[in-house]
Amino acid sequence: MTQHLNEDDLYRTSSQYRLWSFSPEGLAALRRKTHELAITRASQYATKSNSYDGQGGAAVDCLTSEECLRLVQRYLDQVRTTSDHFKWPIPVKATAVQYLARFYLSNSPLTYPPKEIYKTVLFLACKTEATHMTLSEYARRISTPADEVLAPEYKVMQALRFTLDVRQPYRGLKGVLMELLNLAEGRVGEAEGVETGGAKALQAEMQALEMPPKTAQTMWRVKPAGKIESKDQMDRINAAYSAARTILDGPALLTDAYFLFTPPQILLAALHLADEPLTSFYLRTKLPLDSDLRPKILTTIAACAELLDSFSGSHILSKDERAALEQKLEGCRDPSTRDLVGSHAVAKRGGDGGEEAEEKARKKKAAREKHLKEGPAHSPVAKSSSLASG
Amino acid sequence: MSRIAAPKAAPVSKRDPRTGVVQSQDDVCPVCKSARYMNPSLRFLVNPECYHKMCESCVDRIFSHGPAACPIKGCGRTLRKHRFREQTFEDIKVEREVDIRKKVGATFNRREEDFETLLAFNDYLNDVEDITFNLINGIDLEETNKKFEAYTRAHGKEIEENAQMAVQERQSFSAAQKLERQQARERREAARREEEEEKREVEENRRDVLNRLASGADAETVAKEGQRVQLKKRMDRQAATERQRQLQAAEDTQSERNGRFIIKGLRTKQKPEPEAPVDPFGGLRLVDSYFTLQDDYIWEGIQEASKDIKQTAGGYDVRDYAHRSLVAAFSGLGVFVADEMTQRGQLAQNDCAVSESVGFKDAEMISAS
């Protein structure tokens with residue numbers, strides 16, 4: 001009767017696994033499709049506008065898919081900085097960045113320029129991750145009118161397919177830190193299916209670990225004196241943790257890591273980049289040598305580490321480049337989404353027949369004002385002077 | 001000359017509040033012709049001999065000096081004053097019929113138990129009804145009366161016996177009801193008396209304690225003694241009532257056994273099995289396959305919280321946090337997204353999955369299934 005689930009089964013139930021995980025080819029195909037659709041739309045409204053102007057139907061200079069990607073990445077970074085400006089905890093940051101990335105999997109910057117979307121996304125993330133700030137406060141601090149922040153929200157929700165959970169690696173990283181510290185103290189003895197010599201042996205093995213290679217990102221380096229004490233061991237672990245944390249904060253968010261790998265793989269990859277011997281040791285205690293998943297896991301982690309490593313801060317657009325791209329975007333963006341506030345208001349009011357509703361509203365307003373001006377004495381209600389005999 | 005009769009107005013009538021008899025304003029005594037209009041307390045009486053009604057004053061006037069002939073034209077039967085009575089039914093015919101039935105019933109009063117078969121009883125009832133019918137409608141009056149008298153002479157004694165039995169039954173029924181009512185009253189009385197007794201005892205005890213305290217005894221011992229005495233009294237009383245109840249129960253069971261009816265063929269009810277405790281997870285269990293949760297983690301972030309009384313007072317266990325973190329660290333480690341997604345894509349292609357559009361401007365979203 002009882003069905004036993006392990007942690008992997010638990011992850012397979014999450015919406016991140018079901019809807020927002022892709023193979024690299026799948027991800028590329030999705031992006032390509034989105035971009036193509038956007039381009040076809042662009043040509044449609046471009047020809048329309050051209051015919052209005054009376055000019056020849058010259059093909060509008062649209063952003064290429066590469067430029068779109070880089071623009072989106074620039075705004076992912078912008079979301080990160082804004083979240084730090086608000087001093088929000090890192091889950092908010094990660095969630096916001098992922099929301100924006102997911103939004104631009106199915107929509108193109110040609111239709112919804114990221115400048116108008118990223119504030120909404122950040123607000124949504126702060127609501128989701130329980131660090132809610134009131135809309136007026138947020139709008140004030142980000143110097144944007146409140147309805148501009150709210151207008152794209154429903155579109156964002158639709159693009160997210162109403163799944164707001166983003167699985168993140170940060171809590172897991174803390175768990176790994178806890179376990180490593182206990183290992184260093186000689187408290188952890190057994191592991192499932194893994195042959196260990198006991199807690200003390202593990203501790204000794206840890207102390208005998210080789211130094212992190214020069215390419216490692218951790219700040220810790222062995223003292224020239226040579227002998228490792230437990231305090232040094234703790235220092236090493238903590239340094240590895242903070243280095244991994246920095247990697248998770250930056251490159252992990254700005255690449256496609258969340259789409260291609262699971263949070264444990266991402267965090268172990270970050271640890272791998274930070275302090276490789278430590279991570280290998282840790283994995284040795286976790287995965288039995290004869291399990292068939294072990295090589296696969298190791299290769300996946302290595303692939304993720306490569307992805308994280310290949311990212312560099314210089315990839316992100318500079319301010320001028322961004323400005324140039326945005327100007328180009330102005331020329332080729334979809335004009336029907338220009339007034340997001342207006343369309344949001346119409347949708348709230350009831351949508352269809354918006355123009356007629358506007359007309360009616362205007363007439364009513366005019367009649368009311370007239371009535372107020374002239375006073376009730378001039379009301380058109382007929383005085384019943386003649387009583388009809390029944 | 002033709003006379004066009006004026007349409008008769010409907011008689012105005014109302015019901016006498018005391019007797020409930022409908023009185024119409026046009027009630028006129030056939031003998032003295034006095035109407036209710038002149039005489040508001042007009043009452044009509046009827047004699048079972050000829051069922052002619054007349055007003056009370058006429059009855060007094062005509063029959064006070066002994067039996068006299070009925071004053072109504074065409075009926076000369078001798079009537080006596082004491083036989084006059086108030087009419088019970090609106091319809092005089094019904095009144096007559098009811099009287100006849102009562103008379104017949106008084107004579108022909110056999111019961112079902114006296115007959116061997118139901119058919120015989122029904123035949124008897126049929127005969128009785130025939131006689132009644134004849135008497136009511138005046139058919140073969142001579143013969144019927146002869147039958148009547150013959151029966152009465154033949155079975156006089158039995159008739160009397162049956163009458164006696166009926167009377168006795170009625171009496172015993174009312175007696176049983178009376179007994180029940182009395183018992184209820186007695187019980188109420190007993191309860192009230194007990195309450196009073198208790199109150200009185202409490203008062204006595206209190207007074208006793210006060211007296212003893214006043215006479216200078218030690219407060220504690222006095223209090224303890226007082227409580228002990230009170231308790232003893234209560235126990236005695238409870239024991240007495242218990243004994244009485246047992247006696248009563250014994251009596252009841254005696255009488256019950258005599259008068260109880262036994263129901264044959266009752267189905268033995270099987271007690272339902274006690275429900276298993278509800279499993280909130282519905283049979284699912286999470287198993288930690290990548291780690292074993294330790295009791296204590298030396299990381300200082302968690303150490304502070306485990307010692308902080310503000311955190312632990314509400315029952316929060318720091319190990320929950322550690323467990324959550326470790327589950328988060330490993331949930332998905334063995335999930336290979338690239339392979340599984342390509343697999344899913346192939347399956348979707350094989351099934352010719354349709355990609356739906358969810359109302360966007362740009363993209364078609366591939367459905368997740």
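Take the alpha-carbon centre of region A:284-336, take the same for region A:118-178, and report the distance between them in whole Å.
Cα centres, region A:284-336 to region A:118-178: 21 Å.
At 1.4 Å probe radius, can you tell me the per residue accessible area of region B:97-154 in Å²? The partial results should precede the final answer.
On the way: 4030 Å² over 58 residues.
Accessible surface, normalised per residue, equals 69 Å².
Shielding by partners for A:258-265, please: the mean number of other protein chain Cβ atoms within 10 Å of each residue's Cβ.
Details: counts 0, 2, 3, 5, 8, 6, 10, 6.
Mean shielding count: 5.
Give the average, rounded to an integer, of partner chain Cβ atoms located within 10 angstrom of each Cβ in B:294-300. Let's see the in-between values first.
Values: counts 6, 1, 3, 9, 7, 12, 3.
Mean partner shielding for this stretch: 6.
HN-Hα J couplings of region B:81-97 from phi, Karplus 6.51/-1.76/1.60, θ = phi - 60°, integer Hz, Gly and Pro as x?
5, 6, 8, 6, 8, 6, 6, 8, 10, 4, 8, 5, 5, 4, 4, 4, 5
Let me make sure I get this right: for region B:177-256, a, b and c are the square roots of the gyration tensor eigenvalues over alpha carbons, sorted descending. Under 1.5 in a/c it's rounded, otherwise prolate if a/b > b/c, else oblate. Which is it? The partial results should precede the final answer.
On the way: a/c = 7.94, a/b = 2.50, b/c = 3.17.
Note, shape of region B:177-256 comes out oblate.
Does region A:8-159 classify as rounded, prolate or oblate by the C-alpha gyration tensor (a ≥ b ≥ c root eigenvalues; a/c under 1.5 gives rounded; else a/b over b/c gives prolate, otherwise oblate)?
Details: a/c = 2.48, a/b = 1.37, b/c = 1.81.
Since a/c reaches 1.5 but b/c is at least a/b, the shape of region A:8-159 is classed as oblate.
Distance in nm between label sites at B:Y316 and B:R77, each 7 Å beyond Cα in the beta-carbon direction?
With each label placed 7 Å out from Cα toward Cβ, I get 10.5 nm.
Excluding residues on the same chain fewer than 8 positions from A:K360, give the aspartates and glutamates whose Cα lies under 17 Å from its Cα.
Leaving aside aspartates and glutamates fewer than 8 places away in the same chain, those within reach of A:K360 are A:D352, A:E369.
Where a ≥ b ≥ c are the square roots of the eigenvalues of the C-alpha gyration tensor, would you call region B:145-216 rounded, which needs a/c under 1.5, or, failing that, prolate if a/b is larger than b/c, or oblate? Present the calculation step by step, with values, prior to reporting the outcome.
Values: a/c = 14.26, a/b = 8.68, b/c = 1.64.
Verdict is prolate for region B:145-216.
Quick one: check the C-alpha center-to-center distance for region B:212-234 versus region B:50-70, whole angstrom.
Centre-to-centre (Cα) distance: 86 Å.
Hey, got the average number of other protein chain Cβ atoms within 10 angstrom for residues in A:102-108?
Details: counts 0, 0, 2, 2, 8, 4, 3.
Other-chain Cβ atoms within 10 Å of each residue's Cβ, averaged: 3.
Can you work out the FRET efficiency for the pair A:E66 and A:D292, with r the C-beta to C-beta distance and R0 = 35 Å, to the nearest 0.05?
Taking R0 as 35 Å, the efficiency between A:E66 and A:D292 is 0.35.
The values are calculated or read from the model by the stated rules, or taken from the named source; none is laboratory data. The structure displayed is predicted, hence computed values, not measured ones. Cβ: placed from backbone, ideal geometry, glycine included. Neighbour counts: every protein chain shown. Heavy atoms of the whole protein, side chains included, go into the accessibility calculation; ligands, DNA and RNA do not. Shrake-Rupley method; radii C 1.70, N 1.55, O 1.52, S 1.80 Å.
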